[in-house]
Amino acid sequence: MYTITKNITFACVFTLSACVLSLYSASSYASAPGANIIEVDADRCADPRVAQANREGELLVVASIYETPETTKAHSEGFKKYWCLDDDYEVKFEIRNTPGTIARIEAEAGAGVPISGDVTTMPAITWFMEAVDRGLIMAYNSPNYQYMKLPEKIGLNNIPYWTSDMYMFVPMWNSSALPDLEINSWMDLLDPALKGKMSILDGSTQQSVALVFDFMKKSGKLPDDYFERLAAQDILIASTSLLSVEMMMSGERPISILGVSADACVLHSQGATFVKTAAPIEGVMLQEQASAAFASAPHPNSAQLWLDFLRSHEGQTIFEYHEGRVPGRTGVKSSCAVTPDNDSLMDSAFAPDYAEMVSNPSLVRDAQDEFGRLFLNK
C-alpha cells in the first residue's frame, strides 16, 4: 500500500522527501501553515525597509529546496503578509538541485557580473565558506538570528553571513516487521537478532554517510571496534535512499540505519504510522540547509526582510511543515510524530567539521575508503 514507485528523477536519489511530497493530496494542505498563521503587526510593517521593498517590487529566490507549488505558495504568501507587502509584489523561485544551483551562481560570479538573485537556501556550507571569502555573501545580522541556537551550538551558522535549518540522519524502521524493537543507543544495532535485517547507504560514495561514520569513530562515544561489529551484522549496502526505504517498508530489510528524518515524516504523514525513528543517546548528525543573501542582491531590502521572515517563529513554522527539516530556531515544535523537536536535540546533535573538511581535502575520501574497507571489503 505504501510502495514508492521507481520512476523518480535523479534529484530523489539521496532523499525521498522532495519527490514524495508531490504525492500529497490537496486536502493535506487544507490546514497547512502559511499566511493563515500570520498576524499583521503594524509596528513590524512600519519598518522603513518595507516601503523600499515595495519599490523594489520583487524577490528572487535561487535555491535547491521549495520544490512544490504548495511550499512556494506558503512561503511567498506568508512573507508578503508578515511584512504587509503590496498585492502586486512578487516572490519568484528558481529551483535546481544543489550542484545545479551552485553552477548557476558560479557562471555569473565567474564572469564577473552581479548574481541575478537575492537569496539562496541549500546544503552547501563549504561553498558558502568560500563564497564569503570571495565577497559573494551579504553580511547581515538579522535580529532573529539570536534564536538560531542549535545550529550555532554545533557549528552550522556563520553569523552575520548565514544561519541554518537542518536535516537529520537517524535509525528508521518498520515496526510492523519488528514490533518489539526499541532503539535508544547505537549499540542496540549490535543485537544478534537484528543480523541480516538492516541496510545502510553506501558510505564509500555518499559523503554524508561517510561523515557520520568518521565522526562517530572519532567521538569516543562508541567502542573502538563498534563499526567492525556492526559490519559483521550482514548489513546490506544500498545505492540510494529510495532502495533503502523500499526495503524498510516491505520488511525485506526493516531497519534503515541512517534514514533521513524528512523521508520518515513524509511516509508517516501518508499513513505509514508503522514507520519509527530514534535519536540515539550518543548523538545524531544534523546537516545544514543554510540561507543567506547575495552581496550583489538586486533587491537588498527584500533580501533582508526575507531572512528576517524565514528566521521568525512564523517563518520557521511554515518551513518546518513544508520542507520537513529540523528548524534552526528554538521553540518551534515539530509537526511530525517521528521528528524530534529542535530543543530536544541540544545535548545530542553534532555536525560535520566543515572547517576541517576545507583544510584537509582528504578527510572525506579517507572516511569513504575506510567505510568501503569495513562494509564492502574494498
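Using 0.36 nm per residue and subtracting the Cα-Cα separation, the extra length available between GLU94 and ILE159 on full extension is 20.9 nm. For the chain, a crude dipole built from +1 on the beta carbon of Lys and Arg and -1 on the beta carbon of Asp and Glu, taken about the Cα centre, is about 420 debye to the nearest 20.
Summarising the strand pairing of region 113-265, around 50 percent of its internal DSSP beta bridges are antiparallel. Of the two radii for region 312-363, the radius of gyration is 1.13 times the Kirkwood radius, both from the alpha carbons; that is the Rg over Rh value.
Normalised by residue count, region 109-192 yields a Cα convex hull volume of 187 Å³ per residue. The stretch between ALA107 and ALA272, if pulled fully straight at 0.36 nm per residue, gains 55.1 nm over its current Cα-Cα span.
Phi angles of region 102-109 translate, via the Karplus equation with coefficients 6.51, -1.76, 1.60 and θ = phi - 60°, into HN-Hα couplings of 4, 4, 5, 5, 5, 4, 7, 4 Hz per residue; Gly and Pro are given as x.
Under a model in which nothing but the beta-carbon of Lys, Arg (+1) and Asp, Glu (-1) is charged, region 194-308 shows a dipole of about 220 debye around its Cα centre.
Dividing the convex hull volume of the alpha carbon atoms of region 95-239 by its residue count gives 170 Å³ per residue. Of the three principal axes defined by the Cα atoms of region 178-334, the extents in descending order read 58, 37, 29 Å.
By DSSP, the beta bridges lying fully in the chain are antiparallel in about 55 percent of cases. What distance in nm separates the two pseudo spin-label positions at ASN377 and HIS313, each 7 Å out from Cα along the beta-carbon direction? My value for the distance between the label points is 5.7 nm.
In the structure shown, the pairs LYS153/LYS218; LYS149/LYS197; LYS197/LYS333 are assessed against 29 Å; a Cα-Cα span above that value is assigned to LYS149/LYS197; LYS197/LYS333. Figure legend: label point modelled 7 angstrom from the Cα of SER335 along Cα→Cβ; residues of region 53-77 with amide N under 15 Å from it are 66-77.
Taking GLU94, GLU67, GLU39 in turn, the Gaussian network model of the chain (Cα-Cα springs below 10 Å) assigns the largest fluctuation to GLU39. When only the Cβ of Lys, Arg, Asp and Glu is charged (+1, +1, -1, -1), the dipole of region 325-378 relative to its Cα centre reaches about 260 debye.
Using every pair of separate Cα atoms, the Kirkwood estimate puts the hydrodynamic radius of region 51-154 at 15.4 angstrom.
Each listed q (0.17 Å⁻¹) maps to a log10 I(q)/I(0) for region 169-262 from the Debye sum over equal C-alpha point scatterers, namely -0.70. Placing one equal scatterer on every Cα of the chain and applying the Debye formula, the log10 ratio I(q)/I(0) at q = 0.11, 0.13 Å⁻¹ is -0.77, -1.07. Picking from MET172, GLY34, ALA355, whose Cα lies most toward the positive end of the charge dipole for the chain (charges on Cβ: Lys, Arg +1; Asp, Glu -1)? Of MET172, GLY34, ALA355, it is MET172. Phi angles across region 244-251 convert, under the Karplus curve 6.51 cos²θ - 1.76 cosθ + 1.60 with θ = phi - 60°, into 3J(HN,Hα) values of 4, 5, 4, 5, 5, 5, 6, x Hz, Gly and Pro given as x. Among the trypsin sites (Lys or Arg not before Pro) found in region 101-190, those both in a DSSP coil and sparsely packed, with 15 or fewer other Cβ atoms within 10 Å of their Cβ, are ARG134. With point charges of +1 on the Cβ of Lys and Arg and -1 on the Cβ of Asp and Glu, referenced to the Cα centre of the chain, which listed residue (ILE115, TRP83, VAL338) lies farthest in the positive direction of the dipole? Final value for the positive-end residue is VAL338.
Dividing the summed -39500 (n - 2.57) terms of all DSSP H runs of n ≥ 4 by the residue count of the chain sets its mean residue ellipticity at 222 nm at -10500 deg cm²/dmol.
The distance between label points at GLU228 and LYS195 comes to 1.7 nm (points 7 Å beyond Cα on the Cα→Cβ vector).
When the Cα positions of GLN207, ALA74, ALA231 are compared along the charge dipole of the chain, ALA231 comes out farthest toward the positive end, with charges on each C-beta of Lys, Arg, Asp and Glu.
Reported to the nearest whole Å, the Cα centre-to-centre distance from region 35-102 to region 166-224 is 38.
Of interest is the spacing of the C-alpha centroids, which for region 228-250 and region 137-164 amounts to 35 Å. Globularity index of region 224-299 is 1.51 (Cα radius of gyration / 2.2 N^0.38 Å, N = number of residues).
A short reminder: the numbers here are calculations on the coordinates, not readings from a lab. Bear in mind the structure is a predicted one, so any value in this text is a computation, not a measurement. Please note: Cβ atoms are built from the backbone with ideal geometry, for glycine as well, and neighbour counts cover all protein chains shown.
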